[in-house]
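Novice: Take a look at the following structure, please.
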Amino acid sequence: MGADVHRTSRAVSTEVRARLDELRPSERRIAESLLADPGAFATRSVAEIAEEASTSTTTVVRFTRKIGYDRFKDFRHDLTEENLRERLALAGTNVQSPDIVAGDSLDDIVAKVAANESLSIADTAQALDTAALTRAVAAVAGARRVDIFGVGASSIVAVDLQRKLSRIGRVALEWPDPHAAWTAAAILDEQAVAVAISHSGATADTVDYLRLAARSGATTIAITNHAESTLATSADIVLQTSARETAFRSGALGSRIAQLMVVDCLFIGVAQVDAEASIGALQRTFDAVRERRSSE
């Protein structure tokens, strides 16, 4: 593929959604046409796309480059493959599109949520930078303590990471309140790691937390869907998700499952650094709960 330096390995539609706000009106019309019907869009020529969006072929080429492709045929090839993955994910169901709309039956909702979350995991696995993940694993494994913060759905993921790390004997703290998170970040040092989780990468409380942690000398890790977001550019290490929208154009469900996938990879990587100790700690925590339940 003749990809330029801005090309990411994320799904085309995910990349298009991530860049919507930075597109010109004419380019945004192209993007909206793609997102409305990716399958049909992938079959059109540059001239047909330009006509559909009431713009020029030059604008179509410029849009393609903004998404990260030097050549239109590579862009269309990847979009075609993405559409094929979606069709396979929906195989065996009675639904044609993974987008949830008002009026869907519960059977449709189950099928679409399952397909979208499977695609979010697969797309994130493709997009996740293993070199960045390696650095994150080393940082967490060598840290004196790990502080974790997220807002809303991301806070659920923060709790999950904290519980996982604690079960293998790591000192991990999750801060549910922004003020508590900021005060904790202010007293971190070079032996600490701060993890900030935000789908958009623009959540002000989360960005402030990471910047405070960085100012204190901690190694900072961002888990986000947007590599060019304020959160990502403020972090030492970025673990990028590739979440699909699942419900009425909301990223809440797709982002959570994608973040959890990244957290699982990070946790397992850390556990493997000292596998024997990690397995022993997991067994002891399991035994503690089992013994407690058996005495009740």
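The values are calculated or read from the model by the stated rules, or taken from the named source; none is laboratory data. None of these values were measured; they are calculated from a predicted model. Note that we place each Cβ from the backbone using ideal geometry, even for glycine, and neighbour counts take in every protein chain shown. Keep in mind that these areas ignore ligands, DNA and RNA; they rest on the heavy atoms of the full protein, side chains included. Shrake-Rupley method; radii C 1.70, N 1.55, O 1.52, S 1.80 Å.
Novice: Out of (1) touching a residue at least 12 places away in the same chain (Cβ under 8 Å); (2) on the phi < 0 side of the Ramachandran plot, the odd one out for residue 217 is which?
Specialist: The number of the failed condition is (2).
Novice: For the stretch 157-168, which positions are surrounded by fewer than 24 Cβ atoms within 10 Å (Cβ to Cβ) and either of a type in the set (Ser, Thr, Tyr) or not in a loop (DSSP other than H, G, I, E, B) (or both)?
Specialist: 159, 160, 162, 163, 164, 166, 167 - these are the residues of the stretch 157-168 that are surrounded by fewer than 24 Cβ atoms within 10 Å (Cβ to Cβ) and either of a type in the set (Ser, Thr, Tyr) or not in a loop (DSSP other than H, G, I, E, B) (or both).
Novice: Identify the residue in the stretch 45-100 that is buried (at least 19 other Cβ atoms within 10 Å of the Cβ) and small (Gly, Ala, Ser) and, among all such residues, is nearest to residue 29 (Cα to Cα).
Specialist: By that ranking, first place goes to 53.
Novice: Let me ask something additional. Any idea which residue in the stretch 169-202 is modelled with the lowest pLDDT, counting only those that are in a loop (DSSP other than H, G, I, E, B), open to solvent by 10 Å² or more (accessible area, probe 1.4 Å) and under 15 Å from residue 231 (Cβ atoms)?
Specialist: Looking at the filtered set, the residue picked out is 200.
Novice: Also, quick follow-up: Hey, can you tell me all the residues within the stretch 121-140 that are assigned to a helix (DSSP H, G or I), over 19 Å from residue 168 (Cβ atoms) and hydrophobic (A, V, I, L, M, F, W, C)?
Specialist: 121, 122, 125, 127, 131, 132
Novice: Are there any pairs with C-beta distances below 8 angstrom linking a residue in the stretch 14-32 that is within 15 Å of residue 226 (Cβ to Cβ) and touching a residue at least 60 places away in the same chain (Cβ under 8 Å) to a residue that is surrounded by fewer than 19 Cβ atoms within 10 Å (Cβ to Cβ) and of a type in the set (A, V, I, L, M), with the two at least 6 apart or on different chains, and if so which?
Specialist: 17/35
Novice: Within the stretch 161-207, which residues are more than 20 Å from the chain's Cα centre (by Cα) and within 30 Å of residue 21 (Cβ to Cβ)?
Specialist: 175, 176, 177, 178, 179, 181, 182, 185
Novice: Separate question: Among (1) modelled with pLDDT of 85 or more; (2) at negative phi, there is one condition residue 95 misses while meeting the rest; what is its number?
Specialist: (1)
Novice: Quick one: in the stretch 71-110, which of the residues that are among the small types (Gly, Ala, Ser) and closer than 17 Å to residue 36 by Cβ is farthest from the chain's Cα centre (by Cα)?
Specialist: 102
Novice: Of all helices (runs of 4 or more DSSP H) completely enclosed by the stretch 24-120, which ones contain at least 2 residues that are in contact with a Gly (Cβ under 9 Å, 6 or more places away or on another chain)?
Specialist: Result: 72-89.
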